[in-house]
Amino acid sequence: QNYPLYIRSVPIENELKFHYMVHTSLDVVDEKISAMAKALVDQRELYLGLLYPTEDYKVYGYVTNSKVKFVMVVDSSNTALRDNEIRMFRKLHNSYTDVMCNPFYNPGDRIQSR
């Protein structure tokens, strides 16, 4: 299913705009995944890169081998992210794996995080 399990936006006053960007980006992720499958690209490449640039924000994507999608919206002026974006997605992927491996977590429940 193609619905977000966890969405957090800071600051909270632009939350609706960020929800729209995330949902639009999920469509782009699906297009990239299907294009990779048709082109027989190495399926171990999990980082999808820039998905949806706007004037103020950039949206990056990452997909796991089990087809879980991570979408991150960042400020366009954040140039430090360019060097660390893949590492950041890998850390997020590892954190998600830790949540899923928790025996007290029920799959499908909302992920609660600090």
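The values are calculated or read from the model by the stated rules, or taken from the named source; none is laboratory data. Source: prediction; values computed, not measured. Don't worry about glycine lacking a Cβ; one is built from the backbone with ideal geometry, like all the others, and counts go over all protein chains shown. Ligands, DNA and RNA are stripped out before the accessible areas are found, and what is left, the full protein with its side chains, is counted by its heavy atoms. Shrake-Rupley method; radii C 1.70, N 1.55, O 1.52, S 1.80 Å.
Quick look at the numbers
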{"item": "Cα-based equivalent ellipsoid, the stretch 14-101: semi-axes from gyration tensor eigenvalues, Å", "result": "21, 16, 14"}
{"item": "For the stretch 14-101, accessible area per residue (1.4 Å probe, heavy atoms of protein chains only), Å²", "result": "63 Å²"}
{"item": "Percentage relative contact order, the stretch 14-101, counting C-alpha pairs under 8 Å, at least six apart", "result": "22 percent"}
{"item": "Most to least packed among 22-28, 100-106, 32-38 [average Cβ atoms within 10 Å]", "result": "22-28, 32-38, 100-106"}
